[in-house]
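Below: the structure, in structure tokens.
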Amino acid sequence: MKYLRGLSGVLALWLLAVFFVVAFVGWHQLRDISTIHDQALQLEAVNHKSHTLHELEMNIRKQSAFVHDFLITGTEKNINQYRSFLLRVNKAIDDAANQDIDVAVIQMAVRGINQDAENIFSLPFATGNMEGPILIQEMDKKLVALSKVLMQKHHNMDDSVNHAMRFVAGLHLDMRADFIVSLIVLFALLAGLTIYIYSRMIRPLVFLRSRVSGIGQGENVPHAPDFGDNEIGELSRALNDMGDAIREHQGALIHARSLQAHQEKMQALGLMTANIAHEIGNPLAAASVSLEIVRRKIRSGDSKKAEPHIQHVQEELQRTEDIILNILDYGRHSQFMRAEFDLVAVIDSAIKLVGLVKQARHVHIEYEVLSEIKALLGNVDMLRQVLVNLLLNATDASPKGAVVHVEVACDESVVMLDVSDQGCGIDPEHVEMIFSPMFSTKKKGEGTGLGLSISRDLMQQMGGDLILLSHGSPGCTFRIILPVSNGGDEHADFNH
């Protein structure tokens, strides 16, 4: 009984019920058709019997007419005609006997009539002979009695025909009623089967297909409901397990990408470390000198002249704090959270960070905002990392004294940030692979090849994109595409 709980078992029961209904109806219809066929054969036989009896009666009457004619004419021709028809009458009697007609009375009557006819034929012909009319009257009486017998047989046959016709008509009505009832039952079964297939198979499959499509598109779809202890239920549970496995794999993949992105940050910070001490040491040294001057002024009692130097110390310390905070902001592990941000401040921060890299000091970085920047929604850490990576690539590709240009423009739905260098460009055969992981045009040991791949992945997580706008001489232009804020949740998670 385990298999009957499944959809295939229930479907088999439905189809078996339909088969039995069709078989039952077909058997009844065939039985009724066979009965009608038998009745038709019986009617045909009765009709043939009636025709045979009618032909027999007509031949006997023609015989009697020849006897009557003999009394009038007295010729041998009438005798010969009578005897010729007697053969026909005997043949008709044999045919009737072969059709299971009771011919005993008919044979007796025909013998009596034949005997009277022969007696009449043996009389001497005379106009005043009175024995002939007497024999004729006897023969006519026998003929009338035979007609009554044949009429009764015809009447019995007519009753049999009428009974058969009524039976066939009633059977026809029964067949039509049975057929209509069978159609209703069959329609009900098929309607029930259709509803069952739709509700228990088609609709769940359409629902599961939408879930599979959502999983394929990376949506965080909820678990599919349990459709019971059947094949669809097993498929639903397998789909839920697959979705859990995919979500777990996606979580691990996102974590790995996060680690790769953080590794890229650390690599950039490694390039900055050589100049961080210099950038911090200069303001600290200036602050130290200013503090020594302040100390001397205070000792000499000229504290008012010490105030400008104190202000200078505050400015140098603030400068040091800004450098340290900028480095700390860049170096921290990014959380995939988004909020509205100031694009110009992010650009300034990225340019300052790139300025800490000694190898990038041979070029000048400038930026231009071509139109009013609309409110942006995204992740500052992600955008700053992408922008630093593009600026480092641009400064690395540009010759000494070149200008790396950052240009900002926007339209109705996106903000476009272009980073252009003055390098030698990218070979056409490398254009298709420029965003592929582990691909790099730098010398061995100078890059991992993950920078552009991770950068584009980060931008796509923000709902934007990173594209190569131009790659010919002079230099390349990469475009960052940022979506304009539509007033959504400022703290939405990118990991979905």
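Read the figures in this text as sums done on the coordinates, not as results from a lab. No experiment lies behind these values; they were computed from the predicted model shown. FYI the Cβ positions are ideal-geometry reconstructions off the backbone, even for glycines, and counts take in every protein chain you see.
Numbers at a glance
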item: Kirkwood Rh and Cα Rg combined as Rg/Rh, segment 114-215; result: 1.81
item: Protection proxy ranking, peptides 52-62, 415-425, average beta carbon neighbours within 10 Å, highest first; result: 415-425, 52-62
item: Nonlocal amide H pairs with Val484, under 5 Å, H built at 1.01 Å; result: Val414, Val415
item: Ranking of His223, His471 by count of other Cβ atoms within 10 Å, fewest first; result: His223, His471
item: Where labels lie 7 Å past Cα in the beta-carbon direction, separation of Asp159 and Leu235 in nm; result: 7.0 nm
item: Rg/Rg_ref, segment 339-411, where Rg_ref = 2.2 N^0.38 Å and atoms are Cα; result: 1.13
item: Value of relative contact order over segment 115-238, rounded to a whole percent, pairs C-alpha under 8 Å and six or more apart; result: 13 percent
item: Normalised per residue, the volume of the convex hull around the Cα set of segment 89-168 (Å³); result: 95 Å³
item: Among 381-393, 172-184, the order from most to least packed when residues are scored by Cβ within 10 Å on average; result: 381-393, 172-184
item: Charge dipole magnitude, Cβ of K and R +1, D and E -1 - segment 3-202, Cα centre, debye nearest 20; result: 700 debye
item: Those residues of segment 15-38 whose amide nitrogen sits under 17 Å from the label point placed on Tyr196, 7 Å along Cα→Cβ; result: 15-23
item: Order of Cys410, Cys476 under a 10 Å beta carbon neighbour criterion, fewest first; result: Cys410, Cys476
item: Ratio of Rg to Rh over segment 3-202 (Cα coordinates, Kirkwood Rh, two decimals); result: 1.44
item: Fewest-first ranking of Asp457, Asp348, using other Cβ atoms within 10 Å as the exposure measure; result: Asp348, Asp457
item: Approximate spin-label separation Thr73-Leu173, in nm, with each point projected 7 Å along Cα-to-Cβ; result: 5.8 nm
item: Hydrodynamic radius by Kirkwood, which averages 1/r over all alpha carbon pairs of segment 12-63, in angstrom; result: 14.4 Å
